[in-house]
Amino acid sequence: MFFYCIFGTMQHMDDFTKLAEEVVIHQIRSAWHEISRIFNEMASEHNITMSIGFVLLTLHEEEGTPVTKIAPRMGMEPNSLSRTLKKMEEMGMITRRKDSIDKRKVYICPTEYGYQMRKIVLKSVYKLNDAIVEDIPKEKLYTFFEVMSLVSGSVTRFREQMRAEPVAS
């Protein structure tokens, strides 16, 4: 509809659709959007969000996880993580523990309730993963992992190039 309003014809929308189908980023984003919607639906059944679920998965069960390690593991911004951690603390899923030697270091530890929710989240992740991979032949799945590794490497190199010479606007 956006293109229709700007250009006045549906032809441009069809051009966009055709172009989008050939763009790697669009394919990855579209697939992630569908996965994200399903994760949020499953999470809401347990009164949590997808972000809370993924934080629970990143936590070391016994020792906790340094707060500084969580956001990078999830690809999340630190300020978004702070809000998520605060909500999790209010829900009784986590506690914060200061390091006994370095008091600046804070560990996020799952409570018993957080540990139970982590098991539910893990089961949900595997359930969706199994549903996805059951329709994909093993050879294609291995190829997918290889391709995604290459995509990740390409993005890393692109980021480094951008830092060296910013993209002109």
**Prompt:** What do you reckon, is residue 59 touching a strand residue (DSSP E or B) at 6+ places or on another chain (Cβ under 6 Å) and within 27 Å of residue 152 (Cα to Cα)?
**Reply:** yes
**Asked** Is there any pair linking a residue in the stretch 99-118 that is among the small types (Gly, Ala, Ser) to one that is assigned to a strand (DSSP E or B) and at pLDDT 95 or above, with Cβ under 7 Å and at least six apart or on different chains, and which?
**Response** 114/94
**Complete:** Taking the stretch 93-135 and keeping only residues that are hydroxyl-bearing (Ser, Thr, Tyr) and loosely packed, with under 14 Cβ neighbours inside 10 Å, one is left with 100, 113, 126
**Request:** Among what's in the stretch 30-52 and is in a loop (DSSP other than H, G, I, E, B) and among the polar types (S, T, N, Q), pick the residue that is surrounded by the most Cβ atoms within 10 Å (Cβ to Cβ).
**Result:** 49
**Request:** Test residue 26 against the stated conditions and say whether it is within 23 Å of residue 133 (Cα to Cα), in a helix (DSSP H, G or I), free of Cβ contacts under 8 Å to residues at least 12 places away in the same chain and over 15 Å from the mean Cα position of the chain (by Cα).
**Result:** yes
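The values are calculated or read from the model by the stated rules, or taken from the named source; none is laboratory data. Quick caveat, the model's predicted, so the values are computed rather than measured. A quick note on method: Cβ atoms are made from the backbone with ideal geometry, for glycine too, and the neighbour counts reach across all protein chains shown.
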